[in-house]
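The values are calculated or read from the model by the stated rules, or taken from the named source; none is laboratory data. Computed from a predicted structure; not experimentally measured. No Cβ is skipped: glycine too gets one built from the backbone with ideal geometry, and neighbour counts run over all protein chains shown.
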Amino acid sequence: MSGSFRGFAVRCAAAAVLSAAWTAQSLAYDPPSGTVEYAINHSKYDEIGTHRVTFSRSGGDLVVDVRIDIKVKLLFITAHSLTSDRRETWRDGKLVAYTAHTDENSELIDVAARANGAQLVITGPAGKAEADGAVFPTHPWNPGIVTSKLLMDTKTGKLLKVSVAPAGEDVIKVAGKAIKTHQYTVSGDIARDLWFDAAGNWIQLRFVNDGATLTFTRTTPMP
């Protein structure tokens, strides 16, 4: 084995160990109460909206409320608009209930999901679907998403088969402060990149939609 290849192998092994350690830590992630805000940027139209996540507790459940507001204007005319209110209810680390109401250019989309034993039963625009075992929404506030092979589209309720792989480390500015992050690439039925800090906080999301790149970046200062 050449020295350069040996060094490469050592670096890969070290990265795998660090990734495994971070993933184990992420599974125990417990978000703080309160609201975290993200700016939504479009590769052509710059900032087009906001994404707000509010964490609260109800008994032993974790409740995650999401509000998304997007508006794209061209010459004072609204070319695209989306508002969405979503609620996730988590119990013992599993999604047990979900509701979403989305108004996209006056088209209304409603999704509901509820745990039934070991299954998650989802009702959306395409009808009913059932998933066995744990399912993560595509909303990436929970870093445990990097361990999942099955996701639920938060707007439509569609079930998505995915693979998630570590993609190295990056530094992202949050409220003017440089934050070291772990990057993950999601592939399969959807393609996107996710960034989390060392504690498991979601920092950034990026994906391509209709030929444009959308980036969600945390703007709320880190605790």
Any hit, region 99-109, residues being farther than 20 Å from D30 by Cβ, surrounded by 13 or more Cβ atoms within 10 Å (Cβ to Cβ) and touching a Gly at 6+ places or on another chain (Cβ under 8 Å): yes
Residue ID - nearest to L151 (Cα to Cα), chosen from residues in region 174-199 that are of a type in the set (D, E, K, R) and out of contact with any Phe, Trp or Tyr (no Cβ under 9 Å at 6 or more places or on another chain): D189
Matching entry among S26, S4 (being at pLDDT below 95 and touching a Pro at 6+ places or on another chain (Cβ under 8 Å)): S26
Matching residues in region 136-169 - criterion: being in contact (Cβ under 8 Å) with a residue 60 or more places away in the chain and among the hydrophobic types (A, V, I, L, M, F, W, C): W141, V146
Wholly enclosed strands (runs of 3 or more DSSP E) of region 120-223 bearing at least 1 residues farther than 25 Å from V96 by Cβ: 159-174, 177-188, 192-197, 202-209, 212-218
Qualifying position, being without any contact (Cβ under 8 Å) to a residue 24 or more places away in the chain and surrounded by fewer than 20 Cβ atoms within 10 Å (Cβ to Cβ), among G133, G188: G133
Out of F76, F136, sole residue that is in contact with a helix residue (DSSP H, G or I) (Cβ under 8 Å, 6 or more places away or on another chain) and under 29 Å from A212 (Cα atoms): F136
Only one of T99, T83, T35, T54 that is among the hydroxyl-bearing types (S, T, Y), free of Cβ contacts under 8 Å to residues at least 24 places away in the same chain and touching a Lys or Arg at 6+ places or on another chain (Cβ under 7 Å): T99
